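Remarks on the structure that follows.
The values are calculated or read from the model by the stated rules, or taken from the named source; none is laboratory data. The structure displayed is predicted, hence computed values, not measured ones. Quick reminder, even Gly has a Cβ in these numbers, built from the backbone with ideal geometry, and neighbours come from all protein chains shown. Remember, those area values only see protein heavy atoms, side chains included, never the ligands or the DNA or RNA. Shrake-Rupley method; radii C 1.70, N 1.55, O 1.52, S 1.80 Å.
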Amino acid sequence: MSTPWWIHIATHAAEYYAMALVAIWIIVTLAYRTHLASADGENRWLTTSLIVMALAGSMFSWIAYLLQTGNLEQMDAEFSETVRQYASPYVMGYFNVVTHLGNTSTLTIICVLTVFLMLLLRQYTLAFGSLLAIGGNSILNVSLKDIFERLRPINPYSEPLDSWSFPSGHSSGSLVAYGLLAYLVLRLLPPRYHLPALLLGSSIAFTIATSRVFLHYHYASDVLAGLMSGLLWLTFCIAVMEYARSHPSPHQPSPDKG
């Protein structure tokens, strides 16, 4: 009997993490170049947002459907157990450090400092959008957890957490927070910083999400669903901020298009 594909991936999870990270860099770079290639600066953000939201929403819905129909239980359980068996102490130590970048306290500090900085710079739309993105995602994640009420995997490394498992809050929160910071770099800093910021933000978010599986806080499907819900919400908030920039009130000067 052949080994299921998810067992093969879980057995070499650290290597596949590195491969996935490189793939994300390529996808982000191509998406960034494609976005810039649009001749219509005002509408390219709307087009990009609609595409990303459709893809993220479809992926989340598919995962949720598989969860509700019971098609993920065996795969998730076997994947998590295999990762635990084969992960080296060095890999576990690495993820144990990185995962704290997605803690609620860390993301709260990022939110407060970001909003405060945007207010100092008189970027009121960006200040509101930052609060909407990070604060709103927290509410959304708790609501989704209460809807699905999935129990967390049994964690041999720590005390059980008192919250539901699906979708992963670390995954969605990290993608929103660090993705938001990358977006603010695009909006406020010279172009030479844009692609590095996108690559760094996506790398941090993906690494935090991956750590939740290695550390046995979440199943793989929880993490993927968290990334998709976070991407959907962040993209929506960016679309709101871009619309506000493109359609200023009569008392505000028209912003530069880009």
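The selection criterion, being under 23 Å from C111 (Cα atoms), out of contact with any strand residue (DSSP E or B) (no Cβ under 9 Å at 6 or more places or on another chain) and either free of Cβ contacts under 8 Å to residues at least 40 places away in the same chain or aliphatic (A, V, I, L, M) (or both), holds for A225.
Please go through segment 112-147 and give me each residue that is among the small types (G, A, S) and in contact with a helix residue (DSSP H, G or I) (Cβ under 6 Å, 6 or more places away or on another chain), ordered by number.
A127, G129, S130, A133
Are any residues in segment 79-88 at pLDDT 90 or above and in contact with a Phe, Trp or Tyr (Cβ under 7 Å, 6 or more places away or on another chain), and if so, which ones? If the condition is that a residue be at pLDDT 90 or above and in contact with a Phe, Trp or Tyr (Cβ under 7 Å, 6 or more places away or on another chain), then F79, S80, V83 are the ones that fit. Among the residues of segment 197-206, is there at least one that is among the β-branched types (V, I, T), closer than 14 Å to V28 by Cβ and either touching a helix residue (DSSP H, G or I) at 6+ places or on another chain (Cβ under 7 Å) or surrounded by fewer than 22 Cβ atoms within 10 Å (Cβ to Cβ) (or both)? For segment 197-206, residues among the β-branched types (V, I, T), closer than 14 Å to V28 by Cβ and either touching a helix residue (DSSP H, G or I) at 6+ places or on another chain (Cβ under 7 Å) or surrounded by fewer than 22 Cβ atoms within 10 Å (Cβ to Cβ) (or both): present. Among the residues that make up segment 95-117, is at least one of them within 16 Å of the chain's Cα centre (by Cα), open to solvent by 70 Å² or more (accessible area, probe 1.4 Å), closer than 16 Å to G179 by Cβ and not β-branched (V, I, T)? Checking segment 95-117: at least one residue is within 16 Å of the chain's Cα centre (by Cα), open to solvent by 70 Å² or more (accessible area, probe 1.4 Å), closer than 16 Å to G179 by Cβ and not β-branched (V, I, T). For segment 144-160, check the following and say yes or no: at least one residue is open to solvent by less than 30 Å² (accessible area, probe 1.4 Å), free of Cβ contacts under 8 Å to residues at least 60 places away in the same chain, more than 17 Å from A133 (Cβ to Cβ) and in contact with a His (Cβ under 8 Å, 6 or more places away or on another chain). The answer is no, given that none of the residues of segment 144-160 is open to solvent by less than 30 Å² (accessible area, probe 1.4 Å), free of Cβ contacts under 8 Å to residues at least 60 places away in the same chain, more than 17 Å from A133 (Cβ to Cβ) and in contact with a His (Cβ under 8 Å, 6 or more places away or on another chain).
When segment 99-111 is examined, which residues are found to be polar (S, T, N, Q) and either touching a helix residue (DSSP H, G or I) at 6+ places or on another chain (Cβ under 9 Å) or at pLDDT 95 or above (or both)? Listed by number, the residues that qualify are T99, N103, T104, T106, T108.
Do we find that T48 is modelled with pLDDT under 85, β-branched (V, I, T) and exposed (fewer than 14 other Cβ atoms within 10 Å of the Cβ) in this structure? Answer is no for this residue.
Selection of segment 184-217 for residues being of a type in the set (F, W, Y) and at pLDDT 95 or above yields only F206. Among L180, L186, L126, which is open to solvent by 10 Å² or more (accessible area, probe 1.4 Å), under 30 Å from Y243 (Cβ atoms) and assigned to a helix (DSSP H, G or I)? Residue meeting the stated conditions: L186. If I filter segment 54-75 for residues that are loosely packed, with under 14 Cβ neighbours inside 10 Å, farther than 23 Å from P167 by Cβ and not hydrophobic (A, V, I, L, M, F, W, C), do I get at least one hit? Looking through segment 54-75, none of the residues is loosely packed, with under 14 Cβ neighbours inside 10 Å, farther than 23 Å from P167 by Cβ and not hydrophobic (A, V, I, L, M, F, W, C). Within segment 37-58, residues that are hydrophobic (A, V, I, L, M, F, W, C) reach partners that are in a helix (DSSP H, G or I) and modelled with pLDDT of 75 or more with beta carbons closer than 6 Å, at six or more positions or on different chains, in the pairs W45/E242; V52/T235; M53/L232; M53/T235; A56/M228; A56/L231; A56/L232.
Exactly one residue out of S143, S174, S138 is assigned to a helix (DSSP H, G or I), more than 22 Å from I204 (Cβ to Cβ), small (G, A, S) and out of contact with any strand residue (DSSP E or B) (no Cβ under 9 Å at 6 or more places or on another chain), and it is S143.
For segment 49-105, a residue qualifies if it is assigned to a helix (DSSP H, G or I) and either at positive phi or basic (K, R) (or both), and exactly one does: R84.
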